[in-house]
1. State which residue is nearest to Arg107 (Cα to Cα) when the search covers only the range 154-167 and only residues that are away from the ligand (no atom under 14 Å from the Cβ) and either among the polar types (S, T, N, Q) or in contact (Cβ under 8 Å) with a residue 12 or more places away in the chain (or both).
2. Restricting the range 17-64 to residues that are part of a loop (DSSP other than H, G, I, E, B) and hydroxyl-bearing (Ser, Thr, Tyr), which is farthest from Ala3 (Cα to Cα)?
3. Hydrophobic (A, V, I, L, M, F, W, C), within 15 Å of the ligand (Cβ to nearest atom), at pLDDT 95 or above and over 20 Å from Ile39 (Cβ atoms): does that describe Ala118?
4. List the residue pairs whose Cβ atoms are under 8 Å apart, where the first residue sits in the range 88-102 and is among the aromatic types (Phe, Trp, Tyr), the second is assigned to a helix (DSSP H, G or I), and the two are 6 or more positions apart or on different chains.
5. Condition test on Ala184, is it within 14 Å of the chain's Cα centre (by Cα), hydrophobic (A, V, I, L, M, F, W, C) and within 10 Å of the ligand (Cβ to nearest atom)?
6. Does Gly8 count as assigned to a loop (DSSP other than H, G, I, E, B) and within 16 Å of the ligand (Cβ to nearest atom)?
7. May I ask you to say which residue of Leu86, Leu56, Leu46, Leu30 is within 13 Å of the ligand (Cβ to nearest atom) and under 24 Å from Ala180 (Cβ atoms)?
Amino acid sequence: MSARKRLGVLLSGRGSNFVAIAEAISSGTLQGAEIAVVISNKADALGITAARERHLSAQVIEARERKRSEHDKEIIACLREHRVDLVCLAGYMRLLSPEFVRAFPQRILNIHPSLLPAFPGLDAQQQALEYGVKVSGCTVHFVDEQLDHGVIVLQKTVPVLEEDTVDTLSARILEQEHIAYAEAIARVLSGKYEVVGRRYLPR
Ligand code: GAR
């Protein structure tokens, strides 16, 4: 049997996407993967507490006014030390340096709470509400050197209702995020795809 692929999860806050990935692994929904390390740039991130509760390697690597590339160098070293095959950004609210992206080519995934290319950046759910779209959702994509821009692995949609607030819409999207991330990780780890231009094509 082949060895399980090792995931490195980066987060900054609540960590519900991390927990969803961890649960998909323990329930067997996401097979052939294990979480090698969870890294937070914030010491008080709830996600890091959740990682410790699960007895996973949980590291806090704060930016401490260092240059982005210096901070990222430390994270890259930690990911390498843990022999990470795939990096999963799960609410990691910091841009990655080009050096980071190049260190893990096509091996960094991000989840974003909108149907990209609509509403990149911060407060995607609020942007969607204010714009008046009738459908929104989430996107799992490879990370490239531009913000919320890389090749899209999968998207899930949700309706935007007349009575929605940012909170109700965010909750509806989050439910789909938790399903989408594990699914996208499984697809990528299977290796059964090719990327043609911007298109992710299953084989
Ligand atoms: C999620 O909604 C994720 O899509 C979003 O932050 C939230 C993190 O929640 N990420 C971004 O907006 C990245 N641009 P979580 O900490 O509970 O997983």
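1. Thr157
2. Pass one, the range 17-64, residues part of a loop (DSSP other than H, G, I, E, B): 28-32, 41-45, 54-57, 61-64.
Narrowing the set further to residues that are hydroxyl-bearing (Ser, Thr, Tyr) leaves 29, 57.
Numbers: Thr29: 17, Ser57: 19 Å.
Selected residue: Ser57.
3. Yes.
4. Phe100/Asp72; Phe100/Ile75; Phe100/Ile76
5. Judged against the criteria, Ala184 is not a match.
6. no
7. On inspection, the qualifying residue turns out to be Leu46.
The values are calculated or read from the model by the stated rules, or taken from the named source; none is laboratory data. Nothing here was measured: the structure is a model prediction, and the numbers come from that model. Every residue, glycine among them, receives a Cβ derived from its backbone with ideal geometry; neighbour counts consider all protein chains shown.
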